[in-house]
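The values are calculated or read from the model by the stated rules, or taken from the named source; none is laboratory data. All values derive from a computational prediction rather than experimental measurement. We place every Cβ from the backbone using ideal geometry, glycine too, and count neighbours over all the protein chains shown.
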Amino acid sequence: MFGPQNLQLAEDVVQDTLLKAFNTWKINGLPQNPSAWLFTVARNKAIDVLRQQKRQNEVSKNLTPLLQSEYSLVPTVQELVNTNSIDDDQLRMMFVCCHPSLSTEAQVSLILRTLCGFSVTEIAKAFVTGYDTIEKRLTRARQSFRENNVQFELPAATELHSRLDNVLLAIYLLFNEGYNSTQHEDLIRKDLMHEAMQLCELIVRSSFVDSSNTHALLSLICFTASRNEARIDANGNILVLKKQDRTKWNRTLIEKAIHHLELSAEGESVSKYQLEAGIAYEHARATTYEQTNWQNILRCYDLMCKFYSSPVVELNRAIVISEISGPAEGIKAIEAISNLSALQKYYLLPATLGEMHGQLHHYDIANQYFAEAISLTKSAAEKKLLQQKMNG
């Protein structure tokens, strides 16, 4: 209703609604239908803001005529807020956020903050960067939307494909946060993982864009989500891949993943998501950890380093080298990572070095790395696992 150029107004309405819920529910208790209560209050606040802004003539020129008329304002807002097309609206807004006036990082940050409910800290973790950097990025993105008067409309079909990569990147980061939560009390957030899967399926069903990359991402999501029930033990401890009970892996999701991986092969090029799904496939097909085909996985990482190189990809490749050639070679591979300094605040770098040095019986060095990793993660479950490694 407000349009992307008035994003702050929309956020203010939501914040006011949540604040009212916090104060009202604390006294009166939870309403019978909390989501309906929230929608009703948000709708009424939106009507009030629209009336006020219309009088001040700040935003009315950007609104539909149905919202400019007092006669049609209330029923139009009611229809818009009560519509059942929320999922489609979210997907449409994801493409709107990928506006060419913004950098790739700004586009994805805006999607994660506005549409996926990420905190600035969670976005900073996803990009392996600092809090202040993300804050500035979001501020510039909102300012750009205002200056370019961006509308809440799906781009032309010819533009959709060029924006798809960043939409998929946002979904990928959304899923990663669900897989390994930054601040939430639960390590695994199945709600975010499910939302990422649904958004992929919406794109796959669309006839407007080529779906090969989306099939690959959906395959990766399904392979990874299939391991959810085996990742945490009864006491809430993280179980690494080597210690997971593979009989608990969801075979239905694995079959779905294989199906979408095959469909992704119809594309003209090999995407990053295809290679990652290929790695996940090798884990899924191995009946035990010892039977994992690490050579096939290394080939996938070699291709990723060639076409989609990043310090994180190189770190993961070093872990595979450690599995094949031993921890000493793994450490050498880490030391050879280009732009290693970019991983300074990435807790998995010291955690991995701690693991490798521990395997070499360099326990004092390993514990120093584990302590560093503990200081870099905000996840209670990860801190607990790293502490157990120090004590072990």
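Against the test of being under 13 Å from the mean Cα position of the chain (by Cα) and of a type in the set (D, E, K, R), the options ASP191, ASP186, ASP165, ASP132 yield a single qualifying residue, ASP191. The set of residues in the stretch 285-316 being part of a loop (DSSP other than H, G, I, E, B) and more than 26 Å from GLY354 (Cβ to Cβ) consists of THR287, ASN293, TYR308. Each residue in the stretch 334-373 was checked for being part of a helix (DSSP H, G or I) and more than 28 Å from the chain's Cα centre (by Cα), and 11 of them qualify.
Answer yes or no: is there a residue in the stretch 133-156 that is surrounded by fewer than 20 Cβ atoms within 10 Å (Cβ to Cβ), free of Cβ contacts under 8 Å to residues at least 24 places away in the same chain and hydroxyl-bearing (Ser, Thr, Tyr). Yes, the conditions are met somewhere in the stretch 133-156. When we screen TYR308, TYR301, TYR273 for residues that are more than 17 Å from GLU323 (Cα to Cα) and surrounded by 19 or more Cβ atoms within 10 Å (Cβ to Cβ), the only hit is TYR273.
Go through the residues of the stretch 247-256 one by one and say whether even a single one is part of a loop (DSSP other than H, G, I, E, B), over 21 Å from LEU164 (Cβ atoms), of a type outside the set (Phe, Trp, Tyr) and in contact with a His (Cβ under 7 Å, 6 or more places away or on another chain). The answer is no, given that none of the residues of the stretch 247-256 is part of a loop (DSSP other than H, G, I, E, B), over 21 Å from LEU164 (Cβ atoms), of a type outside the set (Phe, Trp, Tyr) and in contact with a His (Cβ under 7 Å, 6 or more places away or on another chain). Scanning the stretch 96-128 for residues that are in a helix (DSSP H, G or I), without any contact (Cβ under 8 Å) to a residue 40 or more places away in the chain and closer than 14 Å to GLU11 by Cα turns up LEU110, ARG113. Filtering the stretch 330-344 down to residues that are surrounded by fewer than 13 Cβ atoms within 10 Å (Cβ to Cβ) and at pLDDT below 95, which residue is nearest to THR377 (Cα to Cα)? Residue satisfying both the conditions and the ranking: GLN344. Looking at this structure, is ALA381 among the small types (Gly, Ala, Ser) and touching a His at 6+ places or on another chain (Cβ under 7 Å)? For ALA381, the condition - among the small types (Gly, Ala, Ser) and touching a His at 6+ places or on another chain (Cβ under 7 Å) - is not met.
Here's the yes/no breakdown for (1) among the polar types (S, T, N, Q); (2) closer than 21 Å to LYS243 by Cα:
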| residue | (1), (2) |
| --- | --- |
| ALA265 | no, no |
| SER269 | yes, no |
| LEU275 | no, no |
| TYR289 | no, yes |
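Every test in (1) out of contact with any helix residue (DSSP H, G or I) (no Cβ under 6 Å at 6 or more places or on another chain); (2) modelled with pLDDT of 85 or more is passed by ASN82 save one, and that test is (2).
Every condition in (1) surrounded by fewer than 19 Cβ atoms within 10 Å (Cβ to Cβ); (2) aliphatic (A, V, I, L, M); (3) in a loop (DSSP other than H, G, I, E, B) is met by ILE188 except one, and the failing one is (1).
Conditions (1) of a type in the set (Asp, Glu); (2) in a loop (DSSP other than H, G, I, E, B); (3) modelled with pLDDT of 90 or more; (4) surrounded by fewer than 18 Cβ atoms within 10 Å (Cβ to Cβ), marked per residue:
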site	(1), (2), (3), (4)
HIS194	no, no, yes, yes
LEU199	no, no, no, no
ILE203	no, no, no, no
VAL209	no, yes, no, no
ALA216	no, no, yes, no
SER219	no, no, yes, no
THR224	no, no, yes, no
ASN235	no, yes, no, yes
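Residues of the stretch 129-150 that are outside any helix (DSSP H, G or I) and out of contact with any helix residue (DSSP H, G or I) (no Cβ under 7 Å at 6 or more places or on another chain): THR129, ASN148.
For the stretch 17-33, taking the residues that are farther than 25 Å from LEU7 by Cβ and not polar (S, T, N, Q), the one that is surrounded by the fewest Cβ atoms within 10 Å (Cβ to Cβ) is identified as ILE27. Does at least one position in the stretch 143-156 carry a residue that is among the aromatic types (Phe, Trp, Tyr) and more than 26 Å from THR377 (Cα to Cα)? Within the stretch 143-156, one or more residues are among the aromatic types (Phe, Trp, Tyr) and more than 26 Å from THR377 (Cα to Cα).
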